[in-house]
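The structure under discussion appears below in the form of structure tokens.
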Amino acid sequence: MVRIDDTGFGGIRIAQDPEEFCYGVDAVLLAGFAARILGSARKSVTGLCDLGTGTGIIPLILSHKVPVPRLAGVEIQDRSVELARQNVEMNGLTGRFSVIQGDISSLDRESSLLAELGGAGSWDAVTSNPPYTANTGGLHAENRARAVARQEVLADLDDFLRSAELLLKDRGDFFLVHRPSRMADIIAGAREHHLEPKELRLVSPREGEGPNIMLLHCVRGGGPELKVDPPLYVRKPDGNYSDEVLRIYEKM
């Protein structure tokens, strides 16, 4: 059963199916992280592509927060593509936000998909909220849609990093949300694909608790220097969102 939810960002609404997969706070945090950095950049950002876009939540939020004229989302699952395209139309983003169905794991070999995305080196920024869990040979989630979103069933970390490298312009920005437990693999893989880590932020549910989310900004072909931000706490001790998370919902 599809439901229509208010994202809290302007009038942006999203159609999603709770029986398959709904976006979480990690997507919101990634969009806020990317918007802050892109908004403060001195260079012009004319195009942003989201890898594994699901129902389009990250480009939807960014359509409200940053004046990027061209947005795209790549997604493989039929139902997610259908809902993402519905969300584009429902929010009046036709002509600005394109949803493209395709397999990220074969982007470097699938000339038609790459051409649909404008070719190699055609994007100023790439975002991704990929599956967090390595595939160990089985579908452990309760249904396939959730398994594909949560586990590296169809594409793994290297596929996302390789695709970001391929799509980005030189000095283009890559934004990733993932689990801190994969940090060593992420940083090593990013460097292997010429995505130099530039800014890292760890996110904890509450102050005093260990981080369970990491936000990473890389620059394609950038120089080596990593800034580590102060930690971000999602909730106050009373369970309400922290002041910083509430500020993410404000238009920048």
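The values are calculated or read from the model by the stated rules, or taken from the named source; none is laboratory data. Since the structure is predicted, the reported quantities are computational estimates derived from the model, not experimental observations. Every residue, glycine among them, receives a Cβ derived from its backbone with ideal geometry; neighbour counts consider all protein chains shown. Protein only, heavy atoms only, side chains kept; ligands, DNA and RNA dropped before computing areas. Shrake-Rupley method; radii C 1.70, N 1.55, O 1.52, S 1.80 Å.
I need every pair where a residue in the stretch 181-196 that is within 14 Å of E225 (Cα to Cα) and assigned to a helix (DSSP H, G or I) has its Cβ under 7 Å from the Cβ of a residue that is of a type outside the set (G, A, S) and open to solvent by less than 80 Å² (accessible area, probe 1.4 Å), sequence separation at least 6 or different chains.
Pairs found: I187/P197; A190/L161; A190/P197; A190/C218.
Let's see how each residue does on (1) modelled with pLDDT of 95 or more; (2) among the hydrophobic types (A, V, I, L, M, F, W, C); (3) closer than 30 Å to E19 by Cβ; (4) out of contact with any Pro (no Cβ under 6 Å at 6 or more places or on another chain):
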position: V126; (1), (2), (3), (4): yes, yes, yes, yes
position: P131; (1), (2), (3), (4): no, no, yes, yes
position: T136; (1), (2), (3), (4): no, no, yes, yes
position: R162; (1), (2), (3), (4): yes, no, no, yes
position: L166; (1), (2), (3), (4): yes, yes, no, yes
position: K169; (1), (2), (3), (4): yes, no, no, yes
position: V177; (1), (2), (3), (4): yes, yes, yes, yes
position: L195; (1), (2), (3), (4): yes, yes, no, yes
position: M214; (1), (2), (3), (4): yes, yes, yes, no
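Could you list, ordered by first residue, the pairs with Cβ atoms under 7 Å in which the first is in the stretch 15-36 and closer than 29 Å to P230 by Cβ and the second is of a type in the set (F, W, Y), at least 6 apart or interchain?
If the second residue must be of a type in the set (F, W, Y), the pairs left are L30/F175; F33/F175; A34/F175.
With respect to E82, determine if the residue is closer than 26 Å to M1 by Cβ, open to solvent by 40 Å² or more (accessible area, probe 1.4 Å) and not basic (K, R).
It is true that E82 is closer than 26 Å to M1 by Cβ, open to solvent by 40 Å² or more (accessible area, probe 1.4 Å) and not basic (K, R).
Considering only the stretch 92-127, state which residues are open to solvent by less than 30 Å² (accessible area, probe 1.4 Å) and outside any strand (DSSP E or B).
L93, G102, I104, S105, S106, L107, L113, L117, G119, S122
Does L62 count as touching a residue at least 60 places away in the same chain (Cβ under 8 Å), assigned to a helix (DSSP H, G or I) and under 21 Å from V126 (Cα atoms)?
For L62, the condition - touching a residue at least 60 places away in the same chain (Cβ under 8 Å), assigned to a helix (DSSP H, G or I) and under 21 Å from V126 (Cα atoms) - is met.
Suppose we filter the stretch 216-234 for residues that are within 13 Å of L30 (Cα to Cα) and either at pLDDT below 95 or surrounded by fewer than 17 Cβ atoms within 10 Å (Cβ to Cβ) (or both); how many remain?
0
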